[in-house]
Amino acid sequence: MPTVTRGLTIVLILAASMRLVIAGGPVQSLPKDGCWVKFYLEHETSGPDGVSGEYTGSWLISSVGTKTVDGEKCRWIEIEEHLDQDDDGKPLTRWFKYLVPEKDLKPGGAPLENLIEYWHRHTAQIRNATKSENRPAMMPMFFRRTPKEATTIAKPNRVSWQQGEFIIKQAEEQTQTISTQEYALIIRDVVWKKSKIPFGTAAVTSSVRLDRDGFPSYTYVRRLWLSDHGTSAKSKIPEAK
């Protein structure tokens with residue numbers, strides 16, 4: 001069996017992480033315009049040969065406006081991702097803004113396929129926000145496709161946040177395996193939902209494990225849990241409207 005190099009292994013894990021939309025995107029429902037929710041964010045990568053990494057930060061997800069396109073009501077959804085420390089050791093903040101039909105932000109919708117407009121901005125950019133004609137690579141991490149094989153499991157989770165605490169007794173879980181002759185990727189998403197929270201999610205754990213016959217495994221894990229939520233959201237990319 002051919003050997004998969006460490007570099008290729010990490011690439012495979014990161015590529016697979018873009019598919020953690022099976023059930024794990026925190027945008028699970030459509031709130032009133034102006035609502036926002038903030039999550040604590042934690043990423044962890046582990047494996048043999050010194051391959052390891054961990055970083056923390058936050059995601060702020062907001063509904064920042066409406067627009068009618070070809071007679072269809074659409075919503076501007078903006079995500080602010082902050083990393084406490086990027087690869088260069090410095091903090092990083094970036095923004096992603098998506099115009100999506102409202103019907104596709106509800107159960108059964110297809111936000112990835114029916115995206116109308118996409119903007120992004122980076123703290124390292126000298127110029128203002130940029131409108132992109134390309135498919136946004138980060139979007140699958142935020143938005144959920146309706147899971148086809150998700151199951152409800154008894155998995156209690158105590159979610160402590162700035163205004164109190166939620167005890168959620170059940171979660172929605174989905175697992176997918178992608179196999180080749182050289183490796184297997186096991187992708188697992190667990191979502192703890194809470195309808196009172198904007199976008200419908202209190203916590204998410206998504207993981208990718210890479211198994212190779214006769215070799216140690218590599219694992220990538222992303223955890224989100226509620227920090228706070230509120231109203232009167234303001235866009236950091238106001239030129240997109």
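The values are calculated or read from the model by the stated rules, or taken from the named source; none is laboratory data. Just so it is clear, the model here is predicted, and its values are computed rather than measured. Here Cβ is always computed from backbone atoms with ideal geometry, including for glycine, and neighbour counts include all displayed protein chains.
Name the residues in the stretch 181-226 that are charged (D, E, K, R) and in a strand (DSSP E or B), would you?
188, 189, 193, 209, 211, 212, 222, 223
What is the number of the single condition among (1) in contact with a Phe, Trp or Tyr (Cβ under 9 Å, 6 or more places away or on another chain); (2) assigned to a strand (DSSP E or B) that residue 178 does not meet?
The number of the failed condition is (1).
Can you tell which of 181, 162, 174 is surrounded by fewer than 19 Cβ atoms within 10 Å (Cβ to Cβ), touching a Pro at 6+ places or on another chain (Cβ under 8 Å) and either modelled with pLDDT under 90 or not aliphatic (A, V, I, L, M) (or both)? Step through it out loud before you land on a result.
On the way: 181 fails: touching a Pro at 6+ places or on another chain (Cβ under 8 Å); 162 fails: touching a Pro at 6+ places or on another chain (Cβ under 8 Å).
Of the residues listed, the single one that is surrounded by fewer than 19 Cβ atoms within 10 Å (Cβ to Cβ), touching a Pro at 6+ places or on another chain (Cβ under 8 Å) and either modelled with pLDDT under 90 or not aliphatic (A, V, I, L, M) (or both) is 174.
Could you tell me whether the stretch 122-143 includes any residue that is at pLDDT below 80, over 27 Å from residue 94 (Cβ atoms) and either small (Gly, Ala, Ser) or assigned to a strand (DSSP E or B) (or both)?
No, the stretch 122-143 has no match at all.
How many residues are over 25 Å from residue 220 (Cα atoms), of a type outside the set (D, E, K, R) and in contact (Cβ under 8 Å) with a residue 24 or more places away in the chain when one looks only at the stretch 55-88?
9
Of the residues in the stretch 66-120, how many are among the charged types (D, E, K, R), surrounded by 14 or more Cβ atoms within 10 Å (Cβ to Cβ) and touching a helix residue (DSSP H, G or I) at 6+ places or on another chain (Cβ under 8 Å)?
1
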